[in-house]
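Trainee: Please read through the structure below; I'll follow up with questions.
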Amino acid sequence: MSLDELRGWFAGRLPDEWFTGAPELQVDRDEIIVIGQIQDPVLEDTASDEMRVSARRSRVEAFREETRDKRVRIAREAQHAFRRKVSWGVRIGDDETVFTHLAAPAMTRLRMAERKVLDTLVDSGAARSRSDALAWCVRLVGQHENDWLQELREALKRVHEVRQQGPDAG
């Protein structure tokens, strides 16, 4: 299933009034996260930052509660069709909130030097477990190597396109 097919499927299933535009889909082997922009609350120009934060938080909570039943139905359909978990999130202004989403296990074999890195993070209190430490390391790489990772993703898209044009494409 291509990303365009997924976008089309969700565009056909989602109520138009939920989001201010087409939702963003984040997809991997295990999960589809649907993130839509929702309308910022209307406040006076003189509203404090505290008031804006509170209004946005309230708007997100209201959206989550009011759409829950329909989101669950749509997610079940999508999970059946695409064999991936579906999670939801919203963006309001510059703030993004992702509702309950998947934490998929990832098995790996590490040599002693690599385990020592994880154990140091655990022993120092920076992480609760080796698993948390490994997730922390992955997030750190993702933050600091974003441009490089984006280049890799673009290259992988091109590889996928070339494979689709290959001899078995017919």
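Trainee: Among the residues of region 76-98, count how many are under 18 Å from Ala22 (Cα atoms) and not small (Gly, Ala, Ser).
Mentor: Residues meeting the conditions: 10.
Trainee: Restricting the search to region 69-99, which residues are part of a strand (DSSP E or B), touching a strand residue (DSSP E or B) at 6+ places or on another chain (Cβ under 9 Å) and either of a type in the set (D, E, K, R) or closer than 11 Å to Glu31 by Cα (or both)?
Mentor: Hits for region 69-99 are Lys85, Val86, Ser87, Trp88, Arg91, Glu96.
Trainee: Hey, among the residues in region 58-114 that are polar (S, T, N, Q) and surrounded by 11 or more Cβ atoms within 10 Å (Cβ to Cβ), which one's farthest from Trp9 (Cα to Cα)?
Mentor: Ser58
Trainee: In addition: Only one of (1) of a type outside the set (S, T, N, Q); (2) modelled with pLDDT of 95 or more; (3) under 18 Å from the mean Cα position of the chain (by Cα) fails for Glu77. Which number is that?
Mentor: (3)
Trainee: Now, a different point. Does Lys157 fit the bill of being outside the structural domain of Asp30 (by TED's automatic domain parsing) and closer than 22 Å to Ala11 by Cβ?
Mentor: yes
Trainee: Next question. Can you work out which of the residues in region 1-26 that are outside any loop (DSSP other than H, G, I, E, B) and out of contact with any strand residue (DSSP E or B) (no Cβ under 8 Å at 6 or more places or on another chain) is nearest to Ala81 (Cα to Cα)?
Mentor: Once the filter is applied, the top-ranked residue is Trp9.
Trainee: Then there's this: From the residues in region 52-68 that are among the basic types (Lys, Arg) and out of contact with any Pro (no Cβ under 7 Å at 6 or more places or on another chain), which one is farthest from Arg29 (Cα to Cα)?
Mentor: Applying the filter and picking the extreme gives Arg52.
Trainee: Name the one entry in Glu66, Glu96 that is acidic (Asp, Glu) and within 26 Å of Leu134 (Cβ to Cβ).
Mentor: Only one candidate qualifies: Glu96.
Trainee: Separate question: Could you say which residue among Asp147, Asp119, Asp132 is within 21 Å of the chain's Cα centre (by Cα), surrounded by 13 or more Cβ atoms within 10 Å (Cβ to Cβ) and assigned to a helix (DSSP H, G or I)?
Mentor: One residue alone meets the criteria, Asp132.
Trainee: Kindly indicate whether Glu31 is within 19 Å of the chain's Cα centre (by Cα), closer than 25 Å to His160 by Cα and free of Cβ contacts under 8 Å to residues at least 12 places away in the same chain.
Mentor: So Glu31 does not fit the description; no.
Trainee: Can you find, within region 93-112, the residue that is nearest to Arg57 (Cα to Cα) among those that are touching a residue at least 60 places away in the same chain (Cβ under 8 Å) and out of contact with any Gly (no Cβ under 8 Å at 6 or more places or on another chain)?
Mentor: Within region 93-112, the match that is nearest to Arg57 (Cα to Cα) is Leu102.
The values are calculated or read from the model by the stated rules, or taken from the named source; none is laboratory data. As the structure is a prediction and not an experimental result, all values here were calculated from the model. In this analysis, Cβ positions are derived from the backbone assuming ideal geometry, glycine residues included, and neighbour counts consider all displayed protein chains.
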